[in-house]
Structures are given as structure tokens and as C-alpha cells.
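Participant: Starting off with a structure, shown below.
Throughout, read-outs are computed from the coordinates displayed, never taken from laboratory work. What you see is a predicted model, and the numbers here were worked out from it, not measured in a lab. Because the Cβ atoms are built from the backbone with ideal geometry, glycine has one as well, and the counts that use them run over all protein chains shown.
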Amino acid sequence: MERTLCIIKPDAVERKLAGRIISLLEQEGFKIIGMRMLWMTKEQAQRFYYVHQKKPFYQNLTNYMSSGASVVMVLEAENAIEKLRLLMGATNPAQAEEETIRKKFGISTEKNSIHGSDSPSTAVEEIAYFEKLLGLSENFKKA
């Protein structure tokens, strides 16, 4: 079993799509290990997306991610990272495969409704970042 971080982004939460997205995740066999709705501060968004800090979209991304509530989850499944990446679809919803989350719900490259870890090392880092915010216990780490 593998774990990955998943964030239902502010655009999807604002449009009341969180439940539908969570349902799709569960239908695809993901187990939700931890979940919390939160509104990231600008500073939290900047720390989370620090790997992009030199990219031209960094300010817009961190402004957007701190503009409203998100649903942050740790998911578990066989090959969870790759499985979630396929279910999410391409970053640009216009280029995403049919039946992917971003094709169904995404508005634009920035407002594409969902984030998922892109590698095992990123998943470990991202999960650790949100661990306290999600209220995950020592039992979670051992599960």
C-alpha cells in the first residue's frame, strides 16, 4: 500500500464539488486515512509550494491556494500516487482525458480543482507538512 496527499482546491470547494470528488476517490478504491477542511494562510501556501518559488506562476498559485477553503486528505491505495495522478488528469483541464477529475471539474490550469503528490518523496514531504493540521496521531504513522 502507498500513501499520497490530495487537496481539493478552493475553486472546487467554493463550487460545492468536494463531496463529488471524495466519492470518486472512494469509488476508485482510495482509503481516506486523514482529512480536514482548512483555509491556508498565504505563508502556509508559500511554504507548501516552495519548490515553485522561482517559477512565474508562484505568486498566483499561492494567492489562489490561500483564497478559500481546501480539503486536505491523505489517501491510501495500491500505487496510490500514480493512480491518483491518472484519475486527476492533466494540469490543464482542456488537455485532460475524459472522465478525469480535472476534465469534469477544472476551470483552468490554475483552478483545476485538485492537487496530488507527484512522486513518493514528494508524498512523504507533503504528508509531513500537513500532519499536524490533519490531526494525525502516532497510530497513523504506524498504520
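Participant: Could you list, in sequence order, the residues of the stretch 101-121 that are free of Cβ contacts under 8 Å to residues at least 60 places away in the same chain, among the charged types (D, E, K, R) and outside any helix (DSSP H, G or I)?
Facilitator: Glu110, Asp118
Participant: Being within 20 Å of Met1 (Cα to Cα), out of contact with any Gly (no Cβ under 7 Å at 6 or more places or on another chain) and surrounded by fewer than 13 Cβ atoms within 10 Å (Cβ to Cβ): is that true of Ala94 here? Steps first, answer last, please.
Facilitator: Working: within 20 Å of Met1 (Cα to Cα): no; out of contact with any Gly (no Cβ under 7 Å at 6 or more places or on another chain): yes; surrounded by fewer than 13 Cβ atoms within 10 Å (Cβ to Cβ): yes.
Here the answer is no, as Ala94 does not meet what is asked.
Participant: I need every pair where a residue in the stretch 46-70 that is in contact (Cβ under 8 Å) with a residue 12 or more places away in the chain and under 17 Å from Ser117 (Cα atoms) has its Cβ under 6 Å from the Cβ of a residue that is surrounded by 13 or more Cβ atoms within 10 Å (Cβ to Cβ) and of a type in the set (Gly, Ala, Ser), sequence separation at least 6 or different chains.
Facilitator: Short answer, once both residue conditions are applied: Thr62/Ala45; Met65/Ala45.
Participant: Within the stretch 52-87, which residues are more than 22 Å from Glu131 (Cβ to Cβ) and either crowded, with 21+ Cβ neighbours inside 10 Å or of a type in the set (Phe, Trp, Tyr) (or both)?
Facilitator: Phe57, Tyr58, Tyr64, Leu87 - these are the residues of the stretch 52-87 that are more than 22 Å from Glu131 (Cβ to Cβ) and either crowded, with 21+ Cβ neighbours inside 10 Å or of a type in the set (Phe, Trp, Tyr) (or both).
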